[in-house]
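A quick write-up on the structure given underneath.
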Amino acid sequence: MTDKRKKKLRREGGFTLTEIMVVVFIIGLLSSVVLFNVLGARTDAQVKTAKVNIVALSQALEQYALDAYDYPTQQQGGLEALIKRPDNMPAGASYRTGGYLQKSSIPLDPWGRPFVYKRPGDKSGRAYDLFSYGADGKEGGEELDADIGNWDQ
């Protein structure tokens, strides 16, 4: 092989450091865009799930109130009264066999915390407030950290 040919092969044999860095930068940029969009969809889904669970629990509370003539009190176990008959139900009240939820436990909010049930309600203008503290788990907040409750219905 001649010297000219060896030099030509050496020049065409691989990528420069600059080319590799450009490719790595482009891959990082694309993956960050995809990751940002996926995480945004996840948090939106968590908020929607919390709202759906609040509606389902509210419907169960309404059914309980029809049978027991009132919403469960904290002394009756709050939301637990939807899955287990309270000992101190009013006279003449009935309780649905199997409770008022299809599951044998009260669902947690999408962030793994129990829903808050307060009776009497003050935020919703109803007999009770039912809500999640949102992503941050603290009262109040804005956007994803905002409380999600039956006052949104």
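In whole Å, how far is the Cα centre of region 108-130 from that of region 78-95?
Value for the Cα centre distance between the two parts: 18 Å.
Mind running the shape call on region 97-140? Use the C-alpha gyration tensor, a ≥ b ≥ c as the square roots of the eigenvalues: rounded below 1.5 for a/c, prolate if a/b tops b/c, oblate otherwise.
On the way: a/c = 3.67, a/b = 1.20, b/c = 3.05.
In terms of gyration-tensor shape, oblate.
With a 10 Å Cβ neighbour count serving as the proxy for reagent exposure, in which order, fewest first, do Ile27, Ile106 appear?
Exposure proxy ranking, most exposed first: Ile27, Ile106.
I need to check one value: relative contact order of region 16-152, counting alpha carbon pairs closer than 8 Å and at least 6 residues apart, in percent. Don't jump to the answer; show the numbers that get you there.
Working: 166 pairs, mean separation 26.3, N = 137.
Contact order relative to length: 19 percent.
Could you name the aspartates and glutamates whose alpha carbon sits less than 20 Å from that of Lys123, not counting residues in the same chain fewer than 8 places away?
Once the sequence-local aspartates and glutamates are set aside, what remains near Lys123 is Glu62, Asp70, Asp109, Asp136, Glu139, Glu142, Glu143, Asp145, Asp147, Asp152.
Find the eigenvalues of the gyration tensor of the Cα atoms of region 16-152, then list the square roots of 5 times those eigenvalues as equivalent ellipsoid semi-axes, largest first, in whole angstrom.
In descending order, the three semi-axes are 45, 15, 10 Å.
Loop only by DSSP, 16 or fewer other Cβ within 10 Å of the Cβ. Give me the trypsin sites (Lys or Arg not before Pro) in region 78-153 that pass, ordered by residue number.
Working: sites: Lys84, Arg96, Lys103, Lys118, Lys123, Arg126, Lys138; in loops: Lys84, Arg96, Lys103, Lys123, Arg126, Lys138.
Of the trypsin sites (Lys or Arg not before Pro), the ones in loops of region 78-153 whose Cβ has at most 16 other Cβ atoms within 10 Å are Lys84, Arg96, Lys103, Lys123, Lys138.
Each value in this text was obtained by applying a stated rule to the coordinates, not by laboratory testing. This one's a predicted model, so the numbers in the text were calculated from it and none came from an experiment. Neighbour counts run over all protein chains shown; Cβ positions are idealised from the backbone, glycine included.
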